[in-house]
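Before any comments, here is the structure.
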Ligand code: SF4
Ligand code: SF4
Ligand code: SF4
Ligand code: SF4
Ligand code: SF4
């Protein structure tokens, strides 16, 4: 341990993404979610429970605000016309609802990272906001500073809480990830265990992952294929093509769509103006104008 | 109005102050017992929370901070009183502070110790708290120097150690007096050890004064920085209602404000409990009250600035938080803060209240209630009404565990403070003597020149 | 993935727990200390089992009748996760939430583990031998006419065994009961198209007009339709598909519509005829008889009766006329009335005049082996069984895959009637309400432990026979596969015929091998064929292709307005949610904690009320309200919801168990209980939407436990979930 060591470590995990010193290479994991395809069915959320050992907290704790769904499906009522953002005041929601799958946006300049006193949440070279459970002291500062409020704190020791994982149910747990004990923060990881397993497996072959070789659990299950996940710097990847087609730039804080009134585009990032540079692009839901 | 008697004999000063180490009123023991009872409530709550998990505090996602952080800031704020009186006024040669600075300085230390507890109590994994310290370890792991929370830890630690040093150094001549006046026993040993062989030689006095002044100079920027850094926990974040540039001075003003108010409260209590009427005179009280009033107005001004800048700035989320504070479920507390913090102190502008002990006791308590509410209103509403509407949570209410620990913290502070007053001279004997000496000389001079004495200034 | 010479049973043995009383349970349950268990190390594991490396096996989802094929991730002998089998034409690698919760069915802590014999109020543990003996004894001398077997939808070789068993008992009383089923629609389809369940090509339609068909939620084959829907939205030649949903209570599908049209409950048929009329007026040529029939349904009348504005009616007709082909779907909301069949006929007629038949509606291939084709459930079966029980005709009752005590309206007195049967055997996974009424409860293997073959009712392409195979060893020593049980039972009567089959596995294997030439080249080696089959988890056969026969309805009789009752002024809509359906999986915590997509409520029931009606009644969110029908009351929290007709209230089905396990018992209320006994005039199906209720406050109020926060569905001017008008977006350039 030395100061040299400190400084080296420092530059290792404190890159000024996305515009800074070290470019992502060979991976930059990103997502796009097509809200016109998403039906709000919740299958992705359940998949996340299954894949990531999320505890079912029960009615009481859910009521207390202690739910742990890394992927939550938000339901909004649409606005009256497409230019207004005010909610509809009509008698019936005759334009249906708006569903939004919301999980950690893996911000490139993540507000949660800078504030963590122990560096338990930080950025990986492949552009993930990682969470080191073992290092977390539970200060919850990261959650306080996350604009999207997608961090979930272990308010109780769920592994030992009654009826969370009764005897047989523990056998369902995914051994590729830990169970989180009380007092640590957790959140969507882009199913990092799958990414790492994939990376390892192709390393032996001396190549990088191809599009589709790693899928997140939510993407994999989604019946409408609303979720696309992949390597943004791989021009062959669907996610890359979608971002490109929507002219959404990782490093921009205002996208084409916002600049141009009749762009015909529908790609945007949420709370872009905060300059957290999220790695998730959403595509607006389309609504037929003829009916 | 009666001020310190200029003819008072030095021996009497010693006797009076040393008496506080021996025979306080019965009330002292009552306070002690109540304090211990309060602490046991907090300890019970903490044991429960430690075992069950933070969930029992009723904090939730996204409402992750609550009374613990609010009360933490409150205690940090409290700590500023001591530094203000002992260091700032010392540098400004404000004589009147001398009889009361010692206990104010003790307040600083004990408030910081109380504040520190809240950092611990608030951690999800209290048992791993040391991860946030920059200690050498095998893995070359360092804390995150970017995090204001880390700066906090370091600032508080520095401030605490410095103020302990300052308190101790300032006490050395008095500790020698204690040593010389005590019968054999553990106290004598303690004082002997702590007074570091003080004999009152010229050289000792000279070194003493230089040291004391140096620490005082060192302490002032520390005090300002510590609360500025606490303010950074919020101002450096990206949250509406928090990322306010004026937070550091605002926090410092709030800190001085609550510190002054607390001095008034403790002044009144100590004066009665330890029979210090002779030294803690109403004229000193009056000066403290005026100072408090001035700070109250500064705080009010900074508050107004904050509201105005939010209002005229174009940041809608911040504005929404402000509106939410004034009209939402927190409105009673928010208006309570305005009332206690800006309206109640107007009382202090009236001369007849400036020495009215019952009124001042109530007022000072109200001011501190206001200052506590201020901290709560900084912390909580942003969580209820942040950037992301889906997660707005307007029903969050702290559980009895949170309240219990906040309640107990006052007991903890009181206990530390009361024990201190019983073990160490809470009025600085040598400085009172100096003050009396200087004043009587000044009076004599005046008399000699045929002018009338007009009370001390 | 799977070796030659693969023998499944051997495979399970080599995993190290073969033959052991407590099966393969990883590190948790094996006691080493007492020496009773044999621990075999991985040193002896088969080549394809590597510790720490997952293996994937295909099987079939048994959580609903859609028959999705799944891939189970298995590691260290434990199934960890179910994912979709990409080769399945039904679900193409995808799943729904309900399906994924199958693992929680398997690992459920409240599964029945031992055969239980009623002894007063208690269940006494007995052995399977004793149970079989008992059954034989109780059946002895009972005429086949007095033996009833009640099951849910059943297909494949289990169905074959069951029907042969019933044969051997000389009983014809196999009743297939589904509390929620598209039975009225099947009958109507048969009339209109000549088949019960045609293929729907949502993806080929430019406009989908759905009358309450929740095809994205719980209707028929939701995972399949969701995929079609995604294609439909992308559109063919750049034109995005348009969805219009007509219903009285918003379903998940309704929430995804471009236009959601709220109709007065029961007037779906009127609207359909009104649209036909409007289409005629817009220039679509209608057969004369149809034109005459719909003539009275002018837009003013239709608008007045249905509550849909004339403007919307005209627009709807216009878009349907303009964008062809379209597809009109008919769901449970339109079926659930006394005139449900008439509604259905009107809706099918709309499809016919639009010329969709043959384009977006096609005949499904029929299953070439009728014996294994699914026996489809309906609610008329419940009525028959109940009548037989009430009349004392049933002496021995078997139940499997149904929970009639929970799903039968209280008014049917099912539980009391059931008591009249001398001997009741429940084949069960949980001690559910029906099992608690039984004399003998026989614990079954979970779907992840058992063998089977399944054929779903809805077949999108050819016929898919889905194979079910154990993904791991049994968790509990004394549960049995239903097939094994039936085989044992049938052997009592027809020993010689079934002697060759040691167990159900052998039976299924032999059965499939026998038919090998149907599925593969004749030359293929048996073992290779079998291993490939298991590896694929399914087999597709072409089936017999059919053509639809479009028969125009000659007369459709729709009531002018649906009856109301001064005493019960509101209509109860018992809603079917995608995760809980009829409640059979309510004990799976993922489903309980999965927020309802529309209300985001978890772990509880609620009463949806339109804010206007609520204001009238002085009800606010969280008020505990009493919903009273002629047949009983339930009390639940109110949720104010714009997506419901003001004259209706809705309570979701599936919750309100008072047995069945820790995650089901005591959460919510059961609206099945208070349903009125009104039936569809033609099919005799329970008319689920005909119940009239009144609603009153109890004075109690709770905080509704839901994911939605204080802002409700309001984005407060932030650009979070945004939509864009179709004429402002260029979809063709998208990747
Ligand atoms: S699974 Fe797909 S369609 Fe369903 S909610 Fe998730 S993203 Fe939306
Ligand atoms: S979404 Fe929140 S938790 Fe995720 S990286 Fe961004 S700030 Fe951090
Ligand atoms: S909760 Fe954990 S990860 Fe979050 S800021 Fe605190 S220590 Fe860091
Ligand atoms: S990417 Fe993985 S961790 Fe994140 S929401 Fe999807 S399933 Fe959960
Ligand atoms: S639709 Fe039915 S069969 Fe398919 S995954 Fe869902 S529950 Fe299973």
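A short reminder: the numbers here are calculations on the coordinates, not readings from a lab. None of these values were measured; they are calculated from a predicted model. In this analysis, Cβ positions are derived from the backbone assuming ideal geometry, glycine residues included, and neighbour counts consider all displayed protein chains.
Worth pointing out:
- For chain C, the spread of Cα positions along the three principal axes, ordered from largest to smallest, is 79, 59, 57 Å.
- When restricted to Cα atoms, region C:105-235 yields an Rg and a Dmax of 21.8, 63 Å, respectively.
- Neighbour counting of Cβ atoms within 10 Å sorts the residues B:209, C:73, fewest neighbours leading, into B:209, C:73.
- Residue order for C:510, B:83, fewest other beta carbons within 10 angstrom first, comes to C:510, B:83.
- Antiparallel bridge percentage (DSSP; both residues within the protein assembly as shown; nearest 5): 60
- Once both labels are positioned 7 Å from their Cα atoms along Cα-to-Cβ, the gap between residue C:552 and residue B:15 label points is 12.4 nm.
- Relative pair counts by distance (%), Cα atoms of region B:304-349, 10 Å bins: 26, 44, 25, 5
- Between 0 and 90°, nearest 10: helix C:526-536 axis offset from chain C longest Cα axis: 40
- Overall form of region B:164-218 per C-alpha gyration tensor (a/c, 1.5; a/b vs b/c): oblate
- With bins 20 Å wide beginning at 0, the percent of Cα pairs of chain B falling in each bin runs 23, 54, 20, 2.
- Shielding by partners - mean other protein chain Cβ count within 10 Å, residues of A:172-185: 4
- Computed from label points 7 Å out along Cα-Cβ, the spacing between residue C:502 and residue C:514 is 1.9 nm.
- Residues in region B:136-164 reached by a label modelled at residue B:130 [backbone nitrogen below 16 Å; 7 Å Cα→Cβ]: B:136-143
- Only alpha carbons enter this Debye calculation for region C:284-367, each as an equal point scatterer, and the log10 of I(q)/I(0) it gives at q = 0.18, 0.19, 0.26 Å⁻¹ is -0.96, -1.07, -1.52.
- More than 16 angstrom apart: percent of Cα pairs within region B:110-214: 70
- Note on region B:264-376: Kirkwood hydrodynamic radius from all Cα pairs is 15.5 Å, rounded to one decimal.
- Seen against the Cα atoms of chain C and their longest principal axis, helix C:482-493 is set at about 60 degrees.
- With N as its number of residues, region A:153-237 has a Cα radius of gyration that, divided by 2.2 N^0.38 Å, comes to 1.38.
- When only Cα pairs below 8 angstrom with a gap of at least 6 residues are kept, chain A shows a relative contact order of 26 percent.
- Computed from Cα atoms alone, the Kirkwood hydrodynamic radius reported for the protein assembly as shown is 36.2 Å.
- Sorted by Cβ density within 10 Å, fewest first, the residues B:29, B:403: B:29, B:403
- Working from the Cα coordinates of region A:103-194, the gyration tensor eigenvalues give, after taking √(5λ), semi-axes of 25, 15, 11 Å in decreasing order.
- For chain A, average projected area of the Cα convex hull in nm²: 18.3
- Enclosing the Cα atoms of region C:600-651 in their convex hull gives a volume equal to 78 cubic angstrom per residue.
- Distance from region B:142-208 to region B:345-390 (C-alpha centre basis), Å: 33
- Placing R0 at 25 angstrom, the Cβ-Cβ distance between residue B:304 and residue B:353 gives a FRET efficiency of 0.55 after rounding to 0.05.
- Protection proxy ranking, highest mean first, for peptides B:212-219, C:572-579, C:600-607: C:572-579, C:600-607, B:212-219, where packing is the per-residue count of other beta-carbon atoms within 10 Å, averaged.
- Spatial extent of region C:41-141: Rg and Dmax, with the Cα atoms as the point set, Å: 19.4, 56
- Helix-derived mean residue ellipticity, 222 nm - over chain C, DSSP H n ≥ 4, -39500 (n - 2.57), to 500: -7500 deg cm²/dmol
- Nearest 10 degrees, 0 to 90: helix B:282-312 Cα axis against chain B principal axis: 20
- 222 nm mean residue ellipticity, helices alone, for chain B (DSSP H n ≥ 4; -39,500 (n - 2.57); rounded to 500): -23500 deg cm²/dmol
- Inter-chain neighbour count for A:217-228: the average number of beta-carbon atoms from partner chains within 10 Å of each residue's beta-carbon is 6.
- Volume per residue of the convex hull around the Cα atoms, evaluated for region C:221-278, comes out as 108 Å³.
- Expressed as a fraction of 2.2 N^0.38 Å, the C-alpha radius of gyration for region C:510-598 is 2.08.
- Each Cα pair under 8 Å and six or more residues apart adds its separation to the average, and for chain C the resulting relative contact order is 17 percent.
- Normalised by 2.2 N^0.38 Å, where N counts its residues, the alpha-carbon radius of gyration of region C:570-721 equals 1.06.
- Anisotropy class of region C:343-399 from Cα gyration tensor, a/c 1.5 cut: oblate
- Tail weight of P(r) past 15 Å, computed on alpha-carbon pairs of region A:150-200, percent: 57
- Here the contact order of region C:184-362, divided by its residue count and restricted to Cα pairs under 8 Å and six or more residues apart, works out to 32 percent.
- The tail of the calculated P(r) for region C:184-362, taken as Cα-Cα distances beyond 23 Å, holds 32 percent of the pairs.
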